[in-house]
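Participant: Before I ask anything, let me first share the structure, which is written out below as structure tokens.
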Amino acid sequence: MIIAVASLKGGVGKTALSIFLSQALKGCGKSVIAVDLDANNNLSDYFLRTTERSSPDWLTGGAFKESVQKTEYGVDVLPCTTAIRSLNLTEKLSLRMKKDLARYDLAIIDTPPAFAAELRLALSVADLVLTPVLHGRWSLQAMAPLGRSRAVPSMVTAKQAREIAASTEATVSFISRSAAVKTACDRALPLRETSRSFQEYLALAREILGT
């Protein structure tokens, strides 16, 4: 399954969702690859902070196996490279991405908060589009241009999550506001498996898997 994590609004926890959902899915016994299609390369920075990122540009024809980098988190990563800035979206590229990512049980694609070629590529190959949504009108409005997507209530209380679900198609699982998530992102650390935050991402992973 290919999952695109997308939102046209910044600051909603998109990359954090990509990072920790990837780890939660890996914790469910699945093979997982995280794909960074955002030129800000925050996902790449988290997973590969202490790794030399010298992989070839897969987006411009480099070999997939040579482009993928292993990480200490058990999640493989296709990092963002300079090729992203000159991406030429074609049907051939979409088909190649689908074929290559099918080597894994799940692929999580982090996307930019703009309707750029990178986002369109992710949407073209995704089986599921997840949109982190804050409790507020503007965050919900950012879903509309994405078409088929499912909201993941993010940085919310249980009551706010229910209110979001009453307004749009949403996951039952939600992500609470948490200083632990920010700290983990800043320091490139995994969440403690016993923490509330990890358990929320794990609940979301299980909901997606239907387990």
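Every read-out reported here was derived from the displayed coordinates using simple, explicitly stated rules and does not represent laboratory data. Please read all numbers here as calculations on a predicted model, not as lab measurements. Because the Cβ atoms are built from the backbone with ideal geometry, glycine has one as well, and the counts that use them run over all protein chains shown.
Participant: What relative contact order, as a whole-number percentage, does segment 1-132 give when Cα pairs under 8 Å and 6 or more residues apart are counted? Display every interim value, and only then the final one.
Facilitator: On the way: 240 pairs, mean separation 61.8, N = 132.
RCO, segment 1-132: 47 percent.
Participant: Follow-up. Does anyone have the angle between helix 196-209 and the longest principal axis of the chain? Alpha-carbon axes, 0 to 90°, nearest 10?
Facilitator: Approximately 70 degrees, to the nearest ten.
Participant: What's the lysine pair count for the chain at a Cα cut-off below 16 Å, pairs eight or more apart or interchain?
Facilitator: Taking the chain as the scope, the lysine pair count is 5.
Participant: How long is the gain from residue 85 to residue 179 if the chain were fully straight, where each residue apart is worth 0.36 nm and the alpha carbon distance is subtracted?
Facilitator: Using 0.36 nm per residue and subtracting the Cα-Cα distance, I get 30.6 nm.
Participant: Work out the FRET efficiency for residue 1 and residue 194 from their Cβ-Cβ distance, taking R0 = 41 Å, and round it to the nearest 0.05.
Facilitator: The pair residue 1/residue 194 has a calculated efficiency of 0.90.
Participant: Additional query: Once label points are set 7 Å from the Cα along Cα→Cβ at both residue 102 and residue 150, what is their separation, rounded to one decimal in nm?
Facilitator: 2.2
Participant: Now for a different question. To the nearest 0.05, how large is the calculated FRET efficiency for residue 141 and residue 65 if R₀ is 41 Å and r is the Cβ-Cβ distance? Before the final figure, lay out the partial values.
Facilitator: Working: r = 41 Å, r/R0 = 0.99.
With a Förster radius of 41 Å, E is 0.50.
Participant: For each of 138, 58, count neighbouring Cβ atoms within 10 Å of the residue's Cβ, then give the residues from fewest to most.
Facilitator: Ordered by Cβ neighbours within 10 Å, fewest first: 138, 58.
Participant: Using the Kirkwood formula over every pair of different C-alpha atoms, what hydrodynamic radius in Å results for the chain?
Facilitator: Working: mean 1/r = 0.0587 Å⁻¹.
One decimal place: 17.0 Å for the Kirkwood radius.
Participant: While we're on this one: Please give the contour-minus-distance gain from residue 207 to residue 94: 0.36 nm per residue of separation, less the Cα-Cα distance, rounded to one decimal in nm. Intermediate values should be presented prior to the final figure.
Facilitator: Working: separation 113, 0.36 × 113 = 40.68 nm, distance 2.68 nm.
This chain segment gains 38.0 nm when fully extended.
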